[in-house]
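The values are calculated or read from the model by the stated rules, or taken from the named source; none is laboratory data. The model shown is predicted, which means the values in this text are computed figures rather than measured ones. So basically every Cβ, Gly included, is an ideal-geometry build from the backbone, and we count neighbours across all protein chains shown.
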Amino acid sequence: MRLKNTFIYLTFLASVLSFSNANAQGYKIKTIVVDAGHGGVKPGAKGAYSWEKDVALKVALKLGLKLQEELPDIKIIQTRKTDVDVDWYRRAEIANDAKADLFISIHCNSMPPGNAHVRGTETFVGAYRRINEMDAGLKENEEIIKDKNYKKQGDPTDPEEAILLSLYKSLYRSKSLALASYIQKNYTDVNKRVNRGVKEQGLLILQRAAMPSVLTEIGFISNKEEEKYINSAEGQEEIVMAIVNAVKQYKKEVEN
Ligand SMILES: [Zn+2]
């Protein structure tokens, strides 16, 4: 195993050990990282009049404030607070360095022209396998894979990554799925949104975060009504409350 990967492996092993320790002593959520997708020169998807990066930032900032208000004992960290491009691996690194208990990434969905009718919400958790060609084509991976520095940050097609991913699987998969399910349940039952479900996919940013992690698509910017909804104060408030309530429900379930 190359030195760099050995180092990553040991770091993960250390977090595995501290994780099981935390469980034995009574696990409490202390830190949550909120990640506004895209930013700066990487705007994400475009609607008729708005960009994904701007909607994601507004919702992420409001989510951070609301979480702080409702759960004052928990530290909230934002990966970006302004319109800047933060490297994908850096976003996960911020969460890993902070030993965060949860990583929540905010994105907007989009469809190619001709599919403007498609609407609804979906929430992803990482699929704990090596990135394959199909995953490379995923919308949320596209910008990352296009980045010329992307392979320097550890090649996700590397077989050695499989060892690390299998470690994640046993630790974080069920918790990630639990939070994702609560988020979708609140969008659907309370906000009456169309439910596209919880999905496990090889999303690069989620594979790097060494904690339960979700990426939530809050609506389709390519759909006229949903673009209006995700840009409106009322829509953003509903989305934020759905996620805050999901975090509370998750907290109740995992803390002992
Ligand atoms: Zn996105």
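Some notes on this structure:
- Flag for Leu65 being closer than 22 Å to Asn231 by Cα, away from the ligand (no atom under 15 Å from the Cβ) and buried (at least 18 other Cβ atoms within 10 Å of the Cβ): no
- Check on Ile77, outside any helix (DSSP H, G or I), over 15 Å from Glu227 (Cα atoms) and either touching a helix residue (DSSP H, G or I) at 6+ places or on another chain (Cβ under 6 Å) or within 15 Å of the ligand (Cβ to nearest atom) (or both): no
- Number of positions in region 193-222 that are of a type in the set (Val, Ile, Thr) and part of a strand (DSSP E or B): 4
- For region 74-108, filtered to residues that are under 18 Å from Glu142 (Cα atoms) and acidic (Asp, Glu), the residue that is modelled with the lowest pLDDT is Asp87.
Condition check ((1) more than 16 Å from the ligand (Cβ to nearest atom); (2) under 24 Å from Trp88 (Cβ atoms)) across all residues:
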residue: Lys175; (1), (2): yes, yes
residue: Ser181; (1), (2): yes, no
residue: Thr188; (1), (2): yes, no
residue: Val198; (1), (2): yes, yes
residue: Ile205; (1), (2): no, yes
residue: Met211; (1), (2): yes, yes
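- Any chance Glu253 is closer than 22 Å to Glu52 by Cβ, charged (D, E, K, R) and at pLDDT 95 or above: no
- Look at region 38-53: where a residue is under 13 Å from Asn223 (Cβ atoms) and of a type in the set (S, T, N, Q) and a partner is assigned to a loop (DSSP other than H, G, I, E, B) and within 13 Å of the ligand (Cβ to nearest atom), sitting 6+ places away or on another chain with Cβ atoms under 7 Å, you get Ser50/Ile221.
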